[in-house]
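Trainee: Pasting a structure here, questions to come.
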């Protein structure tokens, strides 16, 4: 379903709370169909993002380490790396 959400488990250094929230936000956008929140959807959307981010952080903390790192880095890391090389 969400093929564009980057794998966060096994990153070095570990995924940050910002990266976890970005993945949660992308997931909630996908499943809700809400791309831009309105006054009617914002509270529910933000609550869902917080719940998914918390569950994701708990999951990553509980899973055993990966044997191999993920093939790609999260978009936030790619953007940061690109901005430092310019």
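The values are calculated or read from the model by the stated rules, or taken from the named source; none is laboratory data. Note that the coordinates shown come from a computational prediction; the quantities given were computed from them, not determined experimentally. Cβ: placed from backbone, ideal geometry, glycine included. Neighbour counts: every protein chain shown.
Trainee: Scan segment 33-74 residue by residue and report those that are in contact with a helix residue (DSSP H, G or I) (Cβ under 7 Å, 6 or more places away or on another chain), surrounded by 12 or more Cβ atoms within 10 Å (Cβ to Cβ) and modelled with pLDDT under 95. Steps first, please.
Mentor: Within segment 33-74, the subset in contact with a helix residue (DSSP H, G or I) (Cβ under 7 Å, 6 or more places away or on another chain) is 34-35, 37, 45, 48-49, 52-53, 56-57, 74.
Filter again for surrounded by 12 or more Cβ atoms within 10 Å (Cβ to Cβ), leaving 34, 37, 45, 48-49, 52-53, 56-57, 74.
Listed by number, the residues that qualify are 34, 37, 74.
Trainee: Quick one: count up the residues across segment 1-29 that are surrounded by 15 or more Cβ atoms within 10 Å (Cβ to Cβ), more than 17 Å from residue 71 (Cβ to Cβ) and touching a residue at least 24 places away in the same chain (Cβ under 8 Å).
Mentor: 8
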